[in-house]
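One structure is given below, encoded as structure tokens.
Nothing in this text is a laboratory measurement; each read-out follows from the coordinates by a stated rule. Keep in mind the model is a prediction, meaning the values are calculated, not measured. Ideal geometry is used to build each Cβ from the backbone, glycine not excepted, and the neighbour counts take in all protein chains shown.
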Amino acid sequence: MRDAYYTVRALNRLGAVDILDNYLGYLRNLVDDSKGGHIQPVYGVGLEAELVEEINEDMPGYRGMGPVRIGNQAHEHLQHDVYGQIVLPLVQAFFDQRLLRPATLEDFCALEKVGDRAFAMHDQVDAGLWEFRTIARVHTYSSMMCWAACDRLARAARHLDLADRAQFWADRAAQIRHRIETEAFVEEEGRFAASFGGTELDASLLQMTDLGFLDIDDPRQKRTFESIEKTLKRGNHLFRYVHADDFGEPETAFNFCTFWFIEALWLNGRTEEAREIFEGMLGRRTHAGLLSEDIAIQTGELWGNYPQTYSLVGIINCAVLLSRSWTDAR
């Protein structure tokens with residue numbers, strides 16, 4: 001579920017309403033199947049909850065860089081951003097009149113249990129968006145997505161004229177916001193950190209504006225953006241983070257983070273820089289028009305999972321953002 005919100009953004013911008021309808025139906029089924037509102041980071045295409053991971057000892061891996069894994073251990077991880085990832089897309093069904101199946105009061109009640117879980121988990125340690133296997137922190141992005149879940153439930157409640165529930169969820173969102181602003185803010189540098197009580201940076205902080213947590217003119221956004229650019233940018237690419245993880249210090253840039261950076265450049269008024277980097281990313285695509293998960297800084301060689309949904313969604317979202325209107329020719 002870690003990319004559900006961004007996938008729906010891309011489908012929305014493409015106007016792919018039929019696909020969007022089906023995908024929202026898939027997400028709604030996951031909500032119905034969830035136990036106490038708990039949502040896993042990943043599921044099978046048939047809603048399978050168990051994706052047992054095994055290592056194939058007989059396969060050397062690409063260029064001998066094993067191990068080769070079958071399945072995905074991430075289904076066992078705690079990644080608290082998933083609550084926002086599933087609530088944000090499904091709340092759209094309360095407002096989007098193009099959809100064949102508009103959301104109902106029953107849908108809202110089902111989402112509330114996910115919201116309850118988001119509020120309970122917003123200040124608890126997890127593996128984070130990047131699925132750390134040996135690092136557990138209270139990740140700012142996870143907490144922010146829990147905030148977004150509560151914030152959007154408040155908006156849906158107002159749409160349904162449920163004043164009491166709207167106030168309830170708005171109060172919860174305000175409590176989470178206060179925790180983030182208090183515990184993830186590095187006062188002496190005027191910026192946010194990637195975890196509560198920490199000082200490290202990661203690219204997910206670029207999403208604070210897109211999610212509506214910070215206004216683009218907020219000085220805290222500008223300082224966070226500047227710090228990320230200074231710390232994580234290599235050439236025209238962006239690392240997820242630069243601190244050592246389960247496999248050592250990162251050696252490749254994460255393509256989706258580069259697309260986040262392009263969006264942030266555009267939001268901060270640096271449109272031509274954004275377009276230049278975007279065109280460079282398009283030039284890295286394979287003959288099939290696809291991108292992998294990572295890219296080697298020195299050689300431009302594609303690395304990691306291929307094809308990668310995150311990267312393709314990044315292409316779509318940035319293409320729409322940077323496209324000039326047909327009225328510009330007038």
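Could you tell me the distance between the Cα centroids of the stretch 188-229 and the stretch 232-309, to the nearest Å?
Taking the Cα centre of the stretch 232-309 as reference, the centre of the stretch 188-229 is 19 Å away.
In the Gaussian network model of the chain, springs joining C-alpha atoms below 10 Å, which of GLY66, GLY15, GLY37 carries the largest mean-square fluctuation?
Checking each option, the largest mean-square fluctuation is seen for GLY66.
Using amide H atoms built in the peptide plane, which far-off residues or other-chain residues are under 5 Å from GLY235 H to H?
none
Once fully extended, how much extra length lies between ALA136 and LYS230, figured as 0.36 nm per residue of separation less the alpha-carbon to alpha-carbon distance?
Value of the extension gain: 31.3 nm.
Using a 7 Å offset from the Cα along the Cα-to-Cβ direction at both ALA16 and LYS113, what is the distance between the two label points in nm, to one decimal?
3.0 nm
Which of TRP169, TRP303, TRP147 moves the most in a Gaussian network model of the chain with Cα springs under 10 Å?
Residue with maximal mean-square fluctuation among TRP169, TRP303, TRP147: TRP303.
Quick check on the chain: helices-only [θ] at 222 nm, where DSSP H runs of length 4 and up contribute -39,500 (n - 2.57) each and the sum goes over total residues. Nearest 500, please.
Roughly -15000 deg cm²/dmol at 222 nm, from the helical runs in the chain.
Give the calculated FRET efficiency between ARG285 and ARG101 to the nearest 0.05, with a Förster radius of 56 Å applied to their Cβ-Cβ distance. Can you show the working numbers first?
Values: r = 35 Å, r/R0 = 0.62.
Plugging the Cβ-Cβ distance into 1/(1 + (r/R0)^6) gives 0.95.
Compute, for the chain, the length of the dipole vector about the Cα centre, with Cβ point charges of +1 (Lys, Arg) and -1 (Asp, Glu) only. Units Debye, rounded to 20.
Using Cβ point charges on Lys, Arg, Asp and Glu, the chain gives about 860 debye.
Among the GluC sites (Glu not before Pro) in the stretch 108-191, which ones are in a DSSP loop with at most 10 other Cβ atoms within 10 Å of the Cβ? Mind listing them?
For GluC sites (Glu not before Pro) across the stretch 108-191 that sit outside H, G, I, E and B with at most 10 neighbouring Cβ atoms in 10 Å, the list is empty.
Given a Förster distance of 41 angstrom, what is the FRET efficiency for GLU57 paired with ALA120, based on the Cβ-Cβ distance and rounded to 0.05?
Values: r = 40 Å, r/R0 = 0.98.
Plugging the Cβ-Cβ distance into 1/(1 + (r/R0)^6) gives 0.55.
Span-like helices, the chain: DSSP H, alpha-carbon axial extent 27 Å or more, mean Kyte-Doolittle -0.5 or greater, which ones?
Helix filter hits for the chain: 140-159.
Can you compute the modelled spin-label distance between GLU301 and GLU276, with each label point 7 Å from Cα toward Cβ, in nm?
2.8 nm
With a point put 7 Å past each Cα toward its Cβ, work out how far GLU189 is from ALA174 in nm, to one decimal.
3.1 nm
Let me make sure I get this right: for the stretch 188-258, a, b and c are the square roots of the gyration tensor eigenvalues over alpha carbons, sorted descending. Under 1.5 in a/c it's rounded, otherwise prolate if a/b > b/c, else oblate. Which is it? Write out the running numbers ahead of the final one.
Working: a/c = 1.96, a/b = 1.50, b/c = 1.30.
Prolate.
So which residue, out of SER34, SER142, SER204, gets the largest mean-square fluctuation from a GNM of the chain using Cα contacts under 10 Å as springs?
Result for the chain, Cα springs under 10 Å: SER34 fluctuates most.
Over the alpha-carbon set of the chain, divide Rg by the Kirkwood Rh and report the Rg/Rh ratio to two decimals.
Computed over Cα atoms, the ratio is 0.95.
Report the GluC sites (Glu not before Pro) located in the stretch 250-330 that are in a DSSP loop and have at most 11 other Cβ atoms inside 10 Å of their Cβ, or state none.
Here no GluC sites (Glu not before Pro) fit, given the DSSP loop and packing criteria.
In percent, what relative contact order does the stretch 184-330 have, based on Cα pairs under 8 Å that are 6 or more apart in sequence?
It rounds to 17 percent for the stretch 184-330.
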